[in-house]
Amino acid sequence: MKHTFSVNFLWLCLVSFTVVGQATGNKSKASDKADKKNATASTESAPMSGSITVPSWLPPETPVHLAAPLLSDVVNTKLDVRFDWAKQYLLGTAVLTLRPHFYPQSNVLLDARGFDIKTVQLVGEKGDKNLTYKYDKAQLSITLDRPYTRDQTYQVRIAYVAKPNELPQGGGSAAITSDKGLYFINPLGQDPKKPRQIWTQGETQANSCWFPTIDHPNQRMTQEIAMTVDNQYKTLSNGLLVSSRKNSDGTRTDTWRQTLAAAPYLTMMAVGDFAVVSDTWRGKAVDYYVEPRYKNTAKAVFGHTPEMMEFYSKRLGIDFPWEKYAQIAVRDYVSGAMENTTATVHGNTIQATSRELLDAQYEGAESTITHELFHHWFGDLVTCESWSNLPLNESFANYAQYLWAEHKYGADQAALVQQHDLAAYLEEANDKREPLIRYHYASQEDMFDRHSYEKGGRVLHMLRKYMGDDAFFTALNHYLTKNKFTAVEISKLRTAFEETTGEDLTWFFDQWFMQRGHPELKVTHSYTNGQVLLRVQQTQDTLFQPIYRLPVTVTIWQKEKAIDHRITITKTDQTFSFLAADRPSLVKFDSESQLLAQIDEDRTSDELVFQFYHARNYLQRYEPLEMLHNKAADVGVSGMYRNALQDNFYAIRRTALDHLRAYRGSSPTAVRSEIQHFATADPNSSVRAQAITTLASFAGENYTSIYQAGLRDSSYLVEAAAVAAIAKSPTPASYQQIAALENTGSSALLVAIADFYAKGGTIEQYGWFLRRLTDVSDIDLYTYLQSFGTFMVRMPVIEREKGVKTLETLARTHSQYYVRLGAYKGLLTLVPSTPALKEILRDIRDKEKDERLKAYYGLI
């Protein structure tokens, strides 16, 4: 599962918005459950005396969640389904092959949410037998005809109707925004701009909303799904298409079979009008399902997939294990993407036109594609046994984004990935610090956070750096080979590394996986009597976080010569000494940028400038740019920024431009001339866009020609930056220029235009806001609707009725909770001039069923 950066960022905005709108444990070798026990104990709340200040990020006490007990195993699931589009029902028959896990069983308990159960039968050679059952709309308890032992399988046939839209609302999380399992998109075909589709989303426990199963990740089954659909539609499911039969009533029945066992949450279906673009890898089918208008650019989006499959197969020493690999883009998807075995689902925003592809950055579609593919080893082949162990899935998929960037684009791009990951985790850590492997949580959806993803990926990188590449990837091969097609907990990963290397790694797994928090380090150095003294203090609250053991590299430069020193920090306050003939030009702590930590490292401006010019990696170049931005006017620092503009890596050029905003240092004319050049000539669109934004920061300057060139740029990102720049001081001609862009197909550009009109539009743009609203992506609607509300403040109250009604309808009924919130906030801006809206907003709050939104509204 990939939760996109936009959703993460939006989630942080949502939880903080206002009306105006941020000790080591012991291990028993004899017990494979030691890590779980340690984690369970470490997350218990200790009694707090009155003199102890409890940090704000310490979570409240929550229930313990261990792996689901295995009473019965689902061996195979065979489904025969058809769809009622008008009612949004699934009409299904499920034949489940089951067996007791160990103890004899005369009853089986299945998850089945919100069904109408028609019949429950035991399938027998001499005929089917009706079975007695109890059903509470959540679980189906079936009494078998006799006790069965663990070496006996039996089959149960269940005829049912699934009604996903009648389930209680409010499930899901910030990463997966809904949990009803089965989704009908534009089912009656009433929206001419949206295709009719059906698709499913099973993680975490939502597939039991459309077929009966034991909906836990420690189950494993083979499967066969027969889908009867109108002949015009394509279908996709797990495994291979083994038959496709046209029926006399104009329908077609496609049967998909997966012969390799996977967890129930990885089962999927999709139905719709898709173009299928075919690719291959070592003779296996690799297909891309997209809306027909994106057929010609599908390979430009997904085309690296076979190369990724080859890279990971060789790197892990285990070939891609599944029958085929398909990827599909669907409308109104409830997450970033999902690694259903052999058939990954993406949101429709992964599709792109040729022009939109000009703005593609690795952090977008390609990182998501590689994330979901890597799950087919970590998550699908070897699966976490419980959601408490989710980082065994997600941390690895997150780290895959680094691995592919490193392989395909080099060390700088990989370091940028890790920089973003560290920043994302640390931002969340302001308000939340949990162990990576945590058995205490309120809901399993809470596991889908920046700990399981971004922190976990950085922890794996530290493990790789400590072990070395040979040991790291050999251990991963051992872990996957030994545990393939099983469900595991964290001890299995630790054991694989220990068996590979011969080293006891309790200390590493305990501090990084089993305990909460991260190191907070204060680093200072001095030079005296031919020695460099390096002092490292661990300043984190060690009552609630461990004292870390940190192997790390320190590099000391004497003039142009660099010497690396490997040290290990084990105490809260340590001083290390190094011989040095002369005062060093630079002492760089963690020179490999491997630690997941907050580091306050004492360096002078001269040392930082020296670091920039002698940097070994992206982060060593980036850091001086970030830390010296308030001194950009100084001669030496100014020269550093101008040199950074010539860097080969686009992120360094972009960062330098960002920190040159409102520059008033030496040679301002020359610097601004350079910025103008980058605004029109840099090969990277994000750099051109940043250059325009930087130019717009110079008050009293006229860069109209640059902005107009930006409006003609091939990049939507640059166009949007130009629109925002023009909005700061528009002229009468500006409105004509912006009006010429009104019919754009870019959602991001529509948001920029909406912001422009919100600041200075007239009633002439009222119809435009309403007309283009349906063309804005759900993520962008959150911002667009707020701009619409701000725009309507400028309109006479008597003219607002249609717009207010539109916002009200969206705030009440839109399927995505964050769109409902955006509409609500749009209405909120109108309250001062339309007091009657207070009652409408109160009614929206009172009738909202989504617990997340109810909590957000409670902040107002």
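Bear in mind that the values in this text are calculations on the coordinates, not laboratory data. Computed from a predicted structure; not experimentally measured. Note that we place each Cβ from the backbone using ideal geometry, even for glycine, and neighbour counts take in every protein chain shown.
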### Query
If the chain between residue 165 and residue 153 were fully stretched, how many nm would it gain, using 0.36 nm times the residue separation less the Cα-Cα distance?
0.9 nm
### Summary
Using alpha carbon centers only, the range 223-265 is separated from the range 789-836 by a whole-angstrom value of 44
### Query
If you put +1 on each Lys and Arg Cβ and -1 on each Asp and Glu Cβ, how big is the dipole of the chain around its Cα centre, in Debye rounded to 20?
1040
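Quick check on the range 742-860: take the gyration tensor over C-alpha atoms, sort the square-rooted eigenvalues as a ≥ b ≥ c, and tell me if it's rounded (a/c under 1.5), prolate or oblate. Don't skip to the answer; put the middle values down first.
On the way: a/c = 2.14, a/b = 1.30, b/c = 1.65.
Oblate is the answer for the range 742-860, as a/c is 1.5 or above yet b/c matches or exceeds a/b.
Once you've got the Cα coordinates, tell me which of 87/234; 631/728; 2/246; 180/455; 284/482; 163/246 are over 31 Å apart. Please report the intermediate quantities before stating the final value.
On the way: 87/234 21 Å; 631/728 26 Å; 2/246 36 Å; 180/455 29 Å; 284/482 25 Å; 163/246 26 Å.
Checking Cα-Cα distances, 2/246 exceed 31 Å.
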### Task
Work out the FRET efficiency for residue 764 and residue 831 from their Cβ-Cβ distance, taking R0 = 22 Å, and round it to the nearest 0.05.
0.30
### Message
For a test of understanding, tell me how many lysine pairs in the range 742-860 have Cα atoms under 15 Å apart, given they are 8 or more places apart or on different chains.
### Response
5
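Sort 825-832, 178-185 by the packing proxy (mean of other Cβ within 10 Å over each peptide's residues), most packed first. Present the calculation step by step, with values, prior to reporting the outcome.
Numbers: 825-832: 20.8, 178-185: 23.0.
The peptides rank, most packed first, as 178-185, 825-832.
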### Query
Which whole-Hz couplings ³J(HN,Hα) result when phi for each residue of the range 550-560 is put into the Karplus expression 6.51 cos²θ - 1.76 cosθ + 1.60, θ = phi - 60°, listed in order with x for Gly and Pro?
10, x, 7, 9, 10, 10, 10, 9, 10, 6, 9
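Please work out whether the range 434-532 counts as rounded, prolate or oblate from its C-alpha gyration tensor, where a ≥ b ≥ c are the square roots of the eigenvalues and a/c under 1.5 means rounded, while otherwise a/b larger than b/c means prolate and anything else oblate?
Working: a/c = 2.78, a/b = 1.38, b/c = 2.02.
Oblate.
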### Query
Is the shape of the range 643-685 rounded, prolate or oblate, going by the alpha carbon gyration tensor and its root eigenvalues a ≥ b ≥ c, with a/c under 1.5 for rounded and a/b larger than b/c for prolate?
prolate
### Task
Search the structure for amide H atoms under 5 Å from the amide H of residue 521, placed 1.01 Å from N in the peptide plane, and list their residues when 5 or more places away or on another chain.
539, 598, 599, 600
### Signed unit charges on C-beta, dipole axis of the chain, positive-most listed residue 577, 209, 792
209
### Task
Please arrange 295, 2, 314, 324 by counting, for each residue, the other beta carbons lying within 10 Å of its beta carbon, fewest first.
314, 295, 324, 2
### Cβ crowding within 10 Å averaged over residues, with 363-371, 755-763 ranked highest first
363-371, 755-763
### Task
Just name one of 752, 591, 633: the one whose Cα is farthest towards the positive end of the charge dipole of the chain (beta-carbon charges, Lys/Arg +1, Asp/Glu -1).
752
### Query
If you plug each phi of the range 826-838 into the Karplus form 6.51 cos²θ - 1.76 cosθ + 1.60 with θ = phi - 60°, what whole-Hz ³J(HN,Hα) values come out, in order, with x for Gly and Pro?
x, 5, 4, 5, 8, 4, x, 9, 9, x, 4, 5, 4
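Quick check for me: using +1 on Lys/Arg Cβ and -1 on Asp/Glu Cβ, what's the dipole size of the range 520-608 about its Cα centre, in debye to the nearest 20?
Numbers: 10 positive and 13 negative charges, 60 e Å.
Computed charge dipole of the range 520-608: roughly 280 debye.
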### Dipole-positive endmost among 474, 352, 720 within the chain (Cβ charges, Cα centre)
352
### Query
Separation of the range 525-578 and the range 589-622 by C-alpha centroid, Å?
14
### Query
Using the count of nearby Cβ atoms within 10 Å as a rough guide to exposure, how do 660, 240, 188, 595 rank from fewest to most?
188, 240, 595, 660
### Query
In terms of modelled amide H atoms, which long-range or inter-chain residues lie less than 5 Å from the amide H of residue 274?
234
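Please arrange 461, 304 by counting, for each residue, the other beta carbons lying within 10 Å of its beta carbon, fewest first. Write down the numbers at each step before the final one.
On the way: 461 24, 304 18.
Listed from fewest to most nearby Cβ atoms, that is 304, 461.
By average Cβ neighbour count within 10 Å, what is the ranking of 339-347, 118-126 from highest down? Display every interim value, and only then the final one.
On the way: 339-347: 26.3, 118-126: 12.6.
Final packing ranking: 339-347, 118-126.
What is the gain in length, in nm to one decimal, between residue 524 and residue 193 on full extension, counting 0.36 nm per residue of separation less the C-alpha to C-alpha distance? Working shown, then result.
Working: separation 331, 0.36 × 331 = 119.16 nm, distance 6.02 nm.
So the chain would gain 113.1 nm between residue 524 and residue 193.
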